[in-house]
Structure formats: structure tokens, C-alpha cells
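Below is one structure, written out as C-alpha cells, with a few remarks after it.
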Amino acid sequence: MQTTQAETKTTESDIWVRLIQRNGNFPAEAARGILSLNFSDADKARMHELAQKNQEGQLSPAEREELTNYVLVGDVLSLLHLKARKSLKSK
């Protein structure tokens, strides 16, 4: 049976991985700048609060969406950090 595009699920992370891996290394200055990107203390506290509520099964639909957004942004940030570290290591 042949799989069609509609039957496969491509996540945002899948697309980001392909995009980031496809291109060459980041210039050193750009890599260092990317590595300086991190969540603020307020965002970290909010993520912790949402994660706790999620474990307790107490998230509202809006909070679930907010947590999902934090996860998606965190995934992309992790990919960018990985690529930046790799770029600096190869120089």
C-alpha cells in the first residue's frame, strides 16, 4: 500500500530539523548569539507551573495550548542551540 502525503504527519519539529540540518554551519558570531537565547526566569516559572498543573490533570484548554506553545518553542530553541554548538565546535 502506498502512503500519501495526507496519511503522514509532519510535525513542526520535523520541518525545523530538516531546515536547520540542510544549511551549513552558523557563523561564529551568530552561533554565540543563538546560544545566548534562553527563556526568562518568568517564563521558566510559568512552564514549571503549567507542567505541575498538567501532572495533576488541572490544565484548562487555554493553559494546555500555552504549554504546547512553550514545548514547541523549546524544541526549536534546542535545535538551534545544538546547531550553534556544532558550528562553534567545527571552527
Practice task
Only one of these is surrounded by 11 or more Cβ atoms within 10 Å (Cβ to Cβ), out of contact with any Asp or Glu (no Cβ under 9 Å at 6 or more places or on another chain) and small (Gly, Ala, Ser): GLY57, GLY24, GLY74. Name it.
Solution key: GLY74
Completion exercise
Cβ pairs under 7 Å, 6+ apart or interchain, first in segment 40-58 and more than 18 Å from LEU77 (Cα to Cα), second part of a helix (DSSP H, G or I) and of a type in the set (D, E, K, R), ordered by first then second residue, are LEU50/GLU63; LEU50/GLU66; LYS53/GLU63
Practice task
Kindly list, by first and then second residue, each pair from a residue in segment 16-34 that is under 8 Å from ALA84 (Cα atoms) to a residue that is outside any loop (DSSP other than H, G, I, E, B), limited to pairs with Cβ atoms under 6 Å and residues at least 6 apart or on different chains.
Solution key: ASN25/SER87; PHE26/ALA84; PHE26/SER87; ALA31/ALA84; ALA31/SER87; ALA31/LEU88; ILE34/LEU80; ILE34/ALA84
Problem - Count of segment 38-65 residues which are more than 30 Å from PHE26 (Cα to Cα) and not in a loop (DSSP other than H, G, I, E, B) - result: 15
Fill in the blank from the handout: The condition from (1) touching a Lys or Arg at 6+ places or on another chain (Cβ under 7 Å); (2) surrounded by 14 or more Cβ atoms within 10 Å (Cβ to Cβ); (3) of a type outside the set (Asp, Glu) that LEU67 misses is numbered (1)
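Every number here is computed from the coordinates shown, using simple stated rules; none is lab data. Keep in mind that this is a model prediction, so the values were computed, not measured. Cβ: placed from backbone, ideal geometry, glycine included. Neighbour counts: every protein chain shown.
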